[in-house]
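Reviewing the structure listed below.
The values are calculated or read from the model by the stated rules, or taken from the named source; none is laboratory data. The structure displayed is predicted, hence computed values, not measured ones. Cβ sites come from the backbone with ideal geometry, for glycine too, and all protein chains shown count toward neighbours. Just the protein is used for accessible areas: all its heavy atoms, side chains included, with ligands, DNA and RNA removed. Shrake-Rupley method; radii C 1.70, N 1.55, O 1.52, S 1.80 Å.
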Amino acid sequence: MIVASPLDLIFRDLFYRLPAFAGRHDVFLKLEGFNVTGSIKIKTAIELVEDLEKRGIAKPNETVLVESSSGNLGLALSLVCSIKGYRFICVTDPNANRAALRGIELYGAKVILVEERDAAGGYLGSRLKRIDQILRSNPNAVWLNQYANVANKNAHAHQTANEIAREFDQVDWVFVGTGTTGTLAGVAERLRQVFPAINVVAVEPEGSVTFGGEPGKRHIPGIGTSVRPPLADYAKPDRIVAMNEEETVKACLEFVRDYHLLVGGSTGTVLAAVRQLAPEFSRGDTIVAISPDLGEKYLDTIYDPAWVDQVIVPEDTRQERAFEFVAAD
Ligand SMILES: Cc1ncc(COP(=O)(O)O)c(C=O)c1O
């Protein structure tokens with residue numbers, strides 16, 4: 001395989017078959033973490049920028065692109081912007097991944113960290129306020145707005161969903177973790193056209209308000225919101241499953257042990273949800289779950305026992321925590 005650009009490094013037909021993952025059912029995990037910049041967000045980044053160019057809104061060497069991101073979209077956009085010749089400002093918060101922020105800077109973009117929590121206990125409201133200030137002070141600044149921009153949804157209808165539809169003759173269940181809900185909305189829209197009986201499952205962390213849940217503190221980046229994203233109006237999941245962060249950590253650790261791949265936190269959340277709904281699967285069902293990224297960037301958080309004890313596991317249950325970090329001898 002010879003590529004002409006880093007943007008060609010998107011692996012569209014990569015599915016990890018997980019034998020008997022959910023009872024007797026195999027599950028197909030769509031791996032997006034091997035894409036350039038390490039996540040599914042490279043597809044979103046390319047399509048968001050191309051959409052602005054098609055509409056004549058963005059011009060290289062002139063327009064300053066601005067976006068809010070917890071790491072993955074920011075890193076993907078910084079690569080796309082460096083290749084295409086746009087200045088880029090990424091507004092983020094303390095939950096964002098340090099290595100991703102360093103990568104964003106190395107690709108030539110500027111990182112702005114907001115540290116004040118919003119009324120719902122998250123940072124999204126504060127990030128959006130900061131973006132508003134940038135737009136008001138810089139006439140060349142354009143906000144990509146992944147939370148409301150239909151190009152985010154369309155990226156996954158055109159790309160992610162079609163990649164699934166090309167691989168399988170039938171899909172009965174698809175599990176999608178939700179942040180902006182772009183992946184969910186795009187995948188649901190397109191896969192329902194191809195497989196009308198499909199069950200689309202939105203997977204949320206507890207504490208996310210996207211589908212009407214009670215707001216609460218969350219620490220796993222990428223999924224969940226403290227402000228409902230407008231794109232969620234397009235996402236009409238058949239089921240919504242909210243997992244707590246302990247279950248996410250447990251699922252990540254079990255997956256590394258049993259399936260030998262270090263996956264990201266949102267993947268752990270999705271895998272925990274698959275197992276929760278397993279009793280509802282019928283014989284012969286094809287089950288697909290989307291893995292947005294891999295686990296290396298979470299070694300200091302989800303995969304660090306000290307961090308997990310301090311941040312995720314309630315103090316009174318720490319002694320009998322439901323999972324182990326290393327296999328017993
Ligand atoms: C690791 C990870 N998982 C899941 C998601 C959720 O994707 P979406 O924003 O399309 O809902 C994101 C989005 O940033 C992410 O970075």
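Here are the numbers:
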item: Over the range 189-248, equivalent-ellipsoid semi-axes from the Cα gyration tensor in Å; result: 24, 13, 9
item: Rg in Å to one decimal, and Dmax rounded to a whole Å, for the range 183-329 via C-alpha atoms; result: 16.0, 50
item: Under 5 Å, built H, 5+ apart or other chain: amide partners of Ala22; result: Val27
item: Loop-located GluC sites (Glu not before Pro) in the range 105-172, at most 13 other Cβ atoms within 10 Å (DSSP); result: Glu115, Glu116
item: When each of Lys30/Lys250; Lys129/Lys153; Lys30/Lys129; Lys41/Lys250; Lys129/Lys250 is checked by Cα-Cα distance, pairs over 32 Å; result: Lys30/Lys129; Lys129/Lys250
item: Stokes-Einstein diffusion coefficient of the range 53-135, Kirkwood radius over Cα pairs, 20 °C, 1.002 mPa s, in µm²/s; result: 165
item: Hull-based mean projected area of the range 65-195, where the convex hull spans the alpha carbons, in square nanometres; result: 9.3
item: Segment Trp307-Arg98, extension gain: residue separation times 0.36 nm, minus the distance between their alpha carbons; result: 73.8 nm
item: Average accessible area per residue (Å²) across the chain - probe 1.4 Å, nucleic acids and ligands excluded; result: 44
item: Within the accessible area of the chain (1.4 Å probe), percent carbon and sulfur; result: 49
item: Of every Cα-Cα pair in the range 209-294, the percent that sits beyond 18 Å; result: 50
item: MRE, 222 nm, helices only [DSSP H, n ≥ 4, -39500 (n - 2.57), over the chain, to nearest 500]; result: -10000 deg cm²/dmol
item: Phi to ³J(HN,Hα) by Karplus 6.51 cos²θ - 1.76 cosθ + 1.60 over the range 207-223, Hz, x for Gly, Pro; result: x, 8, 9, 3, 10, x, x, 5, x, x, 5, 9, 10, 8, x, x, 10
item: Descending Cα extents along the principal axes, the chain, whole Å; result: 56, 48, 41
item: Gyration tensor over alpha-carbon atoms, the range 133-198, equivalent ellipsoid semi-axes in Å; result: 32, 10, 8
item: Radius ratio Rg over Rh of the range 1-87, counting only Cα atoms, Kirkwood formula for Rh; result: 1.12
item: Lys, Arg +1 and Asp, Glu -1 on Cβ, resulting dipole of the chain about Cα centre, debye, nearest 20; result: 1060
item: DSSP bridge pairs, the chain: antiparallel proportion in percent, nearest 5; result: 20
